[in-house]
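Colleague: Dropping a structure here in structure tokens format, bear with me for questions.
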Amino acid sequence: KEPDLRAYAANSLGRMKDNSSVPALKEVLENIRNMKNQRDRVRMSRLRFQGMVALMRLGDRSMVPEIMAAAKDDDATVRLRAVRQLGEMRIAETKELLEYKAKYDDNPRVKKAAQQALDDWSKSPGKASGDTDLEPGEKAQ
């Protein structure tokens with residue numbers, strides 16, 4: 001499960017606010033984007049997502065559009081991760097998307113996560129919540 005271990009490492013770098021890791025994280029994401037084999041890219045999806053999240057935690061807002069796109073993915077698990085992350089980051093430009101997901105997403109867990117993110121946001125607008133990622137193997141039902 002090497003990509004999963006690397007995903008945990010990327011997540012940790014973001015949580016530790018290790019700005020020296022930005023070039024390495026960007027390189028990992030670029031390598032994943034450039035993979036020719038679709039199966040390899042899918043295998044690296046968790047690492048890709050955690051790399052984007054780590055960069056956002058390090059202040060790189062260029063990842064916001066990619067995480068917003070993930071919130072619209074066909075896969076409910078991908079949407080759930082993205083919605084939880086958008087809720088954690090509390091970026092004003094994403095609030096409308098969270099409101100839409102809370103009302104209209106076809107997956108009840110995604111709807112619930114979006115509503116929870118909005119509720120948390122309204123209770124303490126300036127405070128980001130804790131770790132909102134899915135546990136290994138957890139899927140949106």
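The values are calculated or read from the model by the stated rules, or taken from the named source; none is laboratory data. Quick caveat: nothing in here was measured; it's all calculated off a predicted structure. With ideal geometry, Cβ positions are generated from the backbone for all residues, glycine too; neighbour counts draw on all protein chains shown. SASA here: full protein model, heavy atoms, side chains in, ligands and nucleic acids out. Shrake-Rupley method; radii C 1.70, N 1.55, O 1.52, S 1.80 Å.
Colleague: Residues being in contact with a helix residue (DSSP H, G or I) (Cβ under 8 Å, 6 or more places away or on another chain) and open to solvent by 90 Å² or more (accessible area, probe 1.4 Å): count how many of those fall in region 7-24.
Modeller: 3
Colleague: Can you report the number of residues in region 62-97 which are open to solvent by 20 Å² or more (accessible area, probe 1.4 Å), over 22 Å from VAL22 (Cα atoms) and either outside any helix (DSSP H, G or I) or of a type in the set (Val, Ile, Thr) (or both)?
Modeller: Going through region 62-97 one residue at a time, the tally reaches 5.
Colleague: Let me ask something else about it. Do we have ARG33 as under 24 Å from SER124 (Cα atoms) and either surrounded by fewer than 16 Cβ atoms within 10 Å (Cβ to Cβ) or touching a strand residue (DSSP E or B) at 6+ places or on another chain (Cβ under 9 Å) (or both) here?
Modeller: For ARG33, the condition - under 24 Å from SER124 (Cα atoms) and either surrounded by fewer than 16 Cβ atoms within 10 Å (Cβ to Cβ) or touching a strand residue (DSSP E or B) at 6+ places or on another chain (Cβ under 9 Å) (or both) - is not met.
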